1. Restricting to region 534-562, count the residues that are closer than 26 Å to residue 416 by Cβ and assigned to a strand (DSSP E or B).
2. What are the residues in region 64-80 that are part of a strand (DSSP E or B) and without any contact (Cβ under 8 Å) to a residue 60 or more places away in the chain, if any?
3. For region 363-409: of the residues being within 16 Å of the ligand (Cβ to nearest atom), touching an Asp or Glu at 6+ places or on another chain (Cβ under 8 Å) and not polar (S, T, N, Q), which is farthest from residue 319 (Cα to Cα)?
4. Scanning region 515-536 for residues that are exposed (fewer than 13 other Cβ atoms within 10 Å of the Cβ) and in contact (Cβ under 8 Å) with a residue 12 or more places away in the chain, which turns out nearest to residue 400 (Cα to Cα)?
5. Given the conditions (1) closer than 19 Å to residue 308 by Cβ; (2) of a type in the set (Ser, Thr, Tyr); (3) within 11 Å of the ligand (Cβ to nearest atom), report the number of the one that residue 415 does not fulfil.
6. Considering region 144-194 alone, what residues qualify as being more than 29 Å from the chain's Cα centre (by Cα), of a type outside the set (Phe, Trp, Tyr) and outside any loop (DSSP other than H, G, I, E, B)?
7. Among the numbered criteria (1) of a type in the set (Val, Ile, Thr); (2) buried (at least 17 other Cβ atoms within 10 Å of the Cβ); (3) assigned to a helix (DSSP H, G or I); (4) away from the ligand (no atom under 16 Å from the Cβ), which one does residue 421 miss?
8. Quick one: in region 296-339, which of the residues that are among the β-branched types (Val, Ile, Thr) and away from the ligand (no atom under 16 Å from the Cβ) is surrounded by the fewest Cβ atoms within 10 Å (Cβ to Cβ)?
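The values are calculated or read from the model by the stated rules, or taken from the named source; none is laboratory data. Since this is a predicted model, take the numbers as computed values, not measurements. With ideal geometry, Cβ positions are generated from the backbone for all residues, glycine too; neighbour counts draw on all protein chains shown.
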Amino acid sequence: MNFKKSPIRTAVMIAMVSILFSLIVIVPFAVKTFHFIYEPVKLLTNFNKTELNENFIEEYNPPTQTIFDVLHYNIHIELIPESKMIKGDVSIIFTTNNPNAKEIDINFYDNMNIKNAYLNDEPVDFKREETIVKFIPKEILKDTSELKIIYEGKPKRLGFGSFCFENVNGQNFVYTINEPFYASTWFPCVDKPDDKALADIFITNDSSYVSLSNGKLIEVISNNSKKTYHWKTYYPISTYLITIYSGKYKSYCDKYISTTNDTLQLCYYALEDKFEDAIKDFSDHPRYIKTFEKIFGPYPFMKEKYAVAEFLWQNGAMEHQTITGVGSRFITGKKFFQDMLIHELSHHWWGDAVSPKTWKDIWLNEGFATYSEALYWEYQAGKSALISTMNSKSGMFLTGTLYNPKENLFSSLIYNKGAWVLHMLRREVGDSSFFKILRTYFQKFKYKNASTQDFQDVCEKVTGKNLKFFFDQWIYKGTGKIEAEYNWDIIPVSNGYKIIFKITQLQNGYDIYKFPIDIKIYFENDELEVKNFYVQSRESKFEFITKNKPVSFELDPDKWLLANFSQSK
Ligand SMILES: [Zn+2]
């Protein structure tokens, strides 16, 4: 997911900055100047932040849900935009490790009226709470059971919107955005990111509307004035990534040939008045996909598709599996929001294929997707693009740790500090280990879920190093960033100059950060030298000899550290 500031103001700024930069750099660089302007913002307009806490999640996903494993959802949704209602018919096929379970706890908001419910084709009793339905089995559960729920109602708009009926130019438009735990506002499910399942999704609407969802389009069934679109996933999906969009879409499809010579269906969808602009904005996807295939490994949903569709969530974009939604106001025809598209595409490796084990691990989604933007630009335009992208993502962060950020689930702490932590990990372990870590982690956990500990385990296995200190200081325990002062003494000696260089850590968020640091030395005779040291204590002192006399020093010239260094008086 990606949030943006007001696009109108930023568009003007982009235009100004682009013009400025196009005067001094070649044109392809001009389009990426918006790195300097955009930052995800904490735009939680509809969010009841009190829900983003552990107590809510513990009640929403009680331990009783862990005895079940959902294998498959068959989701039939009929849209009735005139009355902002839906009619649902959902089957949940699941296994259990406790056949004697006294209840089956399914997430489903109580505004949805359950007409009938069946367990293995027999009517089943149930009790309702606000966000959970407790189904009461009459007998021992089979190895694999099917729970079928027929319902109707007006979906609630919670979180980022969850289920939205909109009207645009006199036409109806429907979209969903469930993240993190609002899928159950419109279909019954075990709404946990780590209970992935396969899904068949059937959307019925008036026949003049095109209905989109995850996976592959199997068929479009016409029935008088209605049309049903049947979409099917061949790869498991987390409930927060299941989506439907329905509107008067126009489409453009192309084929992408992958690095493994497979053919991927690549489709763009937009409403009539944005269609031409969308085709222009989305047209670089083959290059984005190729770049990530080269860095991370093959696109993980090859048998399905990759699609980008306009939707009416105007706060940004969302990485719904194989069908990224992009808010209309970010479609400009001028490629102003390339980073947003790159970010959402990268989530198909980080978030969709490898999904978080719990919401405490959300930085594994957003930190990775944000760093992927920098990796993309580095791949296209080299080290200076990497540095400028990372610089655009520094700044202040909310207090709190990267792991388990509580109510700051979608803050710049998670997006930008998350990206910086990967950048610093890369410096800590070196490029070849870092990219091996990414590829190994992807291969090991794709179509599954990973925790922060799982990621640490991969890092330690690949490098053969104990990285507990790194994960503690940047992810589990440390808050904020490095704040340090430095100073030096220069003493003439027989063979040149002896330098005594001191760095003192001052931050409150963590006692002693340990990190490699480059010090760039500028000499009297205009020569330069970069020396590397490793800081291991609150007060560090490094002594070395130089032939020429230094005139100044620059710490971390290539911006590998999330740190503020200032020269002490
Ligand atoms: Zn994101």
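1. Looking only at that region, the number is 4.
2. Initially, region 64-80 is screened for residues part of a strand (DSSP E or B), giving 68-80.
If the condition is that a residue be part of a strand (DSSP E or B) and without any contact (Cβ under 8 Å) to a residue 60 or more places away in the chain, then 80 is the only one that fits.
3. The extreme case among them is 393.
4. Step one: filter region 515-536 for residues exposed (fewer than 13 other Cβ atoms within 10 Å of the Cβ), giving 524-528, 530, 532, 534, 536.
Filter once more, so that each one left must be in contact (Cβ under 8 Å) with a residue 12 or more places away in the chain: 524-525, 527, 530, 532, 534, 536.
On the way: 524: 44, 525: 46, 527: 43, 530: 34, 532: 30, 534: 26, 536: 23 Å.
Result: 536.
5. (1)
6. Scanning region 144-194 gives 144, 145, 146, 147, 148, 149, 150, 152, 153, 171.
7. Result: residue 421 passes all but (4).
8. Within region 296-339, the subset among the β-branched types (Val, Ile, Thr) is 308, 322-324, 326, 331-332.
If we keep only those that are away from the ligand (no atom under 16 Å from the Cβ) too, we end up with 331-332.
On the way: 331: 25, 332: 17.
Only one residue tops the list, namely 332.
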